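A.B. asks: If you scroll down you'll find the structure; I have some questions about it.
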Amino acid sequence: MSAETDSNGKYIMKISSGTYNMDFELGEDYEPPEQQTTTLAPGDSKTVNYKATRKATVSGEVLDDIDQPIVGVTVTATKTP
């Protein structure tokens, strides 16, 4: 079962009772969310909110020793522990 958020970021799902893993599929501008688990008994109504964290941005330029752009350079960022 899935639902899409509206213009206010709200969603609603009518689902059977049980335990569910709640996944939030965000765009590439956001950090991957942690999965949340919720359990519903018959007739329950629960609110499961998620606060998304925007990713940071790094940009720059790669120039040679006479300040000319170098085309095709792959720049990699590796997160350290």
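Values quoted throughout were computed directly from the atomic coordinates according to the rules given, and no laboratory measurement underlies them. Since the structure is predicted, the reported quantities are computational estimates derived from the model, not experimental observations. Heads up, the Cβs are rebuilt from the backbone with ideal geometry, glycines too, and the neighbour counts pull from every protein chain shown.
A.B. asks: If you go through region 14-40, how many residues are farther than 30 Å from residue 79 by Cα and in contact with a strand residue (DSSP E or B) (Cβ under 9 Å, 6 or more places away or on another chain)?
C.D. replies: Total satisfying the criteria: 9.
A.B. asks: Which residues, taken from region 16-44, are in contact (Cβ under 8 Å) with a residue 24 or more places away in the chain, surrounded by 11 or more Cβ atoms within 10 Å (Cβ to Cβ) and of a type outside the set (S, T, N, Q)?
C.D. replies: Matches in region 16-44: 22, 24, 26, 30, 31, 40.
A.B. asks: Can you pull out every residue in region 45-81 that is closer than 27 Å to residue 27 by Cβ, among the β-branched types (Val, Ile, Thr) and loosely packed, with under 10 Cβ neighbours inside 10 Å?
C.D. replies: Across region 45-81, the qualifying residues are 47, 57, 58, 73, 74, 75, 76, 78, 80.
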